[in-house]
Amino acid sequence: LGHDGCAMTPLSRRAALALGASALAAPALAQGDGFPNRPLKMVIPFPPGGGSDILGRLLAQRMGEALGQPVVPENRSGAGGNIGTDAVAKAPPDGYTIVTVFNTVVVNQFVYSRLPFDLRRDLAPVAKVALAPTVIAGGPKLQARDLREVVEITRRQPGLLNHGTPGLGTITHVSAELMDAMSGGKLTHVHYRGTGPAVTAAVSGEVELVSAPLSAVDELIKAGRLRALGNLAAQASPLLPGVPTVAEAAGLPGYAVDNWGAVLAPAGVPEPIRRRLEDAARQAVDTPEGRAALAARGIESSFADGASLLRVIEEDSRRWEPVIRKADIRVE
């Protein structure tokens, strides 16, 4: 990083050190000799059944095929993904233990007052692999016709409309806080224990709105039990035909929340091994077969190498820190 002549931030300096730590590795490891010669472990830091689990298991299968060794998925959930991510941050930096994360890992830096690991110091980016299209949807209780009208109501009557979230400080919570900050309105955010209960609350009319990954609401939208009002991402998704972005639907230019998935390894993993993992991730998702397998699960293929992932992490860190600080979102 820094090749464009721009000053490097503390994040980019530390991340670059993590990415280039192979210079300090033992000679055999520095060459990546024989890697991998035994099974790998893919930690999934969330419970079975959710978007992270779906992506992690698919990656484990397809990366294993590319590497010629099994990649065994292991769910280690808790604390918003921090328990499993911490286990990988503290694992030997030999490439045999990796983790699937979503951009929650960036948000958690600013939401949790005490983290057992430092994203900037303890983890090395392998690759960005996917985007999970995320929608803000209205349930039967919502009278507004579209998202622009929702924004008008939140300005005129702050707090009148309730928005269900899967928990305090989750990416869908802070994405709605960003909409509040950019629109000048105010939703009342109602926190549930996971995406499923939040979606159920919207369907039942307990709350008017919910933000959720497409995989959690697709069938409900098709059945007419929820109305897709906007796609949170920067660009329209082929998996959400006819659904405008929030920026377009709400009249909020510049609004964009790309819910990306990525693979990380412990900091200090030798660079040849990190590149081998990066290439396996590319083969897993950046092929016609990989793209089709992800799309069948409501996820878009979106590959970017480790250096590009560093830039994404930096951009998201700059975006989310002021939003979270202003909204005073904290988890002790």
For the pair VAL72 and ARG193, how long in nm is the line joining their label points, each one 7 Å along Cα→Cβ?
3.0
For HIS163, HIS191, write out the residues from largest to smallest accessible area, computed with a 1.4 angstrom probe and no ligands counted.
HIS191, HIS163
Taking the Cα atoms only, what angle lies between the long axis of helix 306-327 and the longest principal axis of the chain, rounded to 10 degrees?
40
Linear extension gain, ILE83 paired with ARG297, 0.36 nm per residue minus alpha-carbon span
74.5 nm
What do you get when you divide the Cα radius of gyration of the stretch 195-312 by 2.2 N^0.38 Å, with N the number of residues?
1.28
How big is D for the chain, in µm² s⁻¹ as a whole number, if Stokes-Einstein is applied with the Kirkwood radius of its Cα pairs at 20 °C and 1.002 mPa s?
106
The helix 271-285 Cα axis meets the longest alpha-carbon principal axis of the chain at an angle in degrees, between 0 and 90 and rounded to 10, of 40
I want the antiparallel fraction of DSSP beta bridges within the chain, as a percent rounded to 5.
60
Can you tell me the length gained on complete extension of the stretch LYS186 to ILE221, counting 0.36 nm per residue apart and subtracting the Cα distance?
10.1 nm
Rg to Rh, two decimals, where the stretch 257-332 supplies the alpha carbon set and Rh follows Kirkwood
1.06
How many nm is it between the label spots at SER204 and ASP279, if each spot is 7 Å from the Cα in line with the beta carbon?
5.2
If you wrap a convex hull around the alpha carbons of the stretch 125-193, what volume per residue comes out, as a whole number of Å³?
121
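Please report, as a whole percent, how much of the solvent-accessible surface of the chain comes from carbon and sulfur atoms (probe radius 1.4 Å).
Values: 7260 of 13900 Å².
Heavy-atom surface of the chain belonging to carbon and sulfur, 1.4 Å probe: 52 percent.
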Taking 0.36 nm per residue of sequence separation and subtracting the Cα-Cα distance, how much length would be gained by fully extending the chain between GLU248 and LYS90, in nm to one decimal?
52.6 nm
Projected-area mean, the stretch 236-299, by convex hull of Cα positions, square nanometres
6.2
For helix 51-67, what angle does its Cα long axis make with the longest principal axis of the chain, in degrees from 0 to 90 and rounded to 10?
30
Quick check for me: using +1 on Lys/Arg Cβ and -1 on Asp/Glu Cβ, what's the dipole size of the chain about its Cα centre, in debye to the nearest 20?
380
Hey, rough spin-label estimate for GLU332 and ARG121, points 7 angstrom out along Cα→Cβ, what's it come to in nanometres?
2.5
Work out the length of the dipole vector of the stretch 280-332 about its Cα centre, built from +1 on the beta-carbon of each Lys and Arg and -1 on the beta-carbon of each Asp and Glu, and round it to the nearest 20 debye.
120
Please give the Cα centre distance for the stretch 39-102 versus the stretch 227-268, rounded to the nearest Å.
24
Binned Cα-Cα distance frequencies in the stretch 293-332 - 10 Å width, integer %:
23, 28, 32, 17
Looking at ILE171, ALA267, LEU240, which one has the Cα that reaches farthest to the positive end of the dipole of the chain (charges on Cβ: Lys, Arg +1; Asp, Glu -1)?
ILE171
For the chain the mean separation of alpha carbon contacts under 8 Å (6+ apart) over residue count, i.e. relative contact order in percent, is 28
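The values are calculated or read from the model by the stated rules, or taken from the named source; none is laboratory data. Since we're looking at a predicted model, the values are computed, not measured. Reconstructed Cβ throughout: ideal geometry from the backbone, glycine too, with neighbour counts over all protein chains shown. To get the accessible areas, we keep the full protein, side chains included, count just its heavy atoms, and leave off ligands, DNA and RNA. Shrake-Rupley method; radii C 1.70, N 1.55, O 1.52, S 1.80 Å.
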